[in-house]
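Let me begin by presenting the structure, written as C-alpha cells, before commenting on it.
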Amino acid sequence: MLISKAYAQSVEPMVELGGDIPEGIPEAPSAMEAFIWNMGLVGVLVLMFYVLLIRPQQKRMKEHTQMLQGLKKGDKVVTSGGLVGKIAKIKDGDDEVEVDLGNGTNVMVMRSMLQGKNEPRLKADPVKK
C-alpha cells in the first residue's frame, strides 16, 4: 500500500518530462470498476450470511414447528426449562399443553416452549471403558 504510493510518485515526474510509464506498473481501476468490485464483495458477503446463518436457522424453525404439530398424547417431551414429562392433554389449535411430570404433578405449558421430544434414540450411548 505505501510502497505503491511511493512508486507512483516517482513515476509522475517521468511522465511530465515526456517519458513513458515503465512496464509492470498497473493502471488504477476506474471509479466504475472499483464500485463494481465493492458491490460484488458485498454480494458475496450477503450470500455467505444467507447460506451460513439464515438458511440453517429457518430449517431448524421449520423442523421445530413440524415437531410441535406432530405431538400427541403420551409423547415424552422436554420443556425449555428442562422439565421432562409426558403429554397428558393436547388439543389441535390450542396453545397450551398439559404435561404430566410424574407423581400426579401436571403443569400447563405453552406449546412453543416445548424444546423437543425425549426419545431414547436421541440419547447418546455411554462410553464403554
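Count of region 86-102 residues, restricted to those that are within 13 Å of Ser112 (Cβ to Cβ) and exposed (fewer than 15 other Cβ atoms within 10 Å of the Cβ), is 3.
Okay, residues lined up against (1) surrounded by 10 or more Cβ atoms within 10 Å (Cβ to Cβ); (2) in the same structural domain as Gly102 (by TED's automatic domain parsing); (3) modelled with pLDDT under 60:
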| residue | (1), (2), (3) |
| --- | --- |
| Tyr7 | yes, no, yes |
| Glu16 | no, no, yes |
| Ala31 | no, no, no |
| Trp37 | yes, no, no |
| Gly43 | yes, no, no |
| Met48 | yes, no, no |
| Val51 | yes, no, no |
| Ile54 | yes, no, no |
| His64 | yes, no, no |
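Going residue by residue through region 76-85, is there one that turns out to be modelled with pLDDT under 95, surrounded by 10 or more Cβ atoms within 10 Å (Cβ to Cβ) and not in a strand (DSSP E or B)? Yes, there is a match, as at least one residue in region 76-85 is modelled with pLDDT under 95, surrounded by 10 or more Cβ atoms within 10 Å (Cβ to Cβ) and not in a strand (DSSP E or B). Could we say that Gln66 is farther than 20 Å from Lys117 by Cβ and not hydrophobic (A, V, I, L, M, F, W, C) here? So Gln66 does not fit the description; no.
The values are calculated or read from the model by the stated rules, or taken from the named source; none is laboratory data. All values reported here derive from a predicted model rather than from experimental measurement. Every residue, glycine as well, gets a Cβ built from its backbone with ideal geometry; the counts of neighbours run over all protein chains shown.
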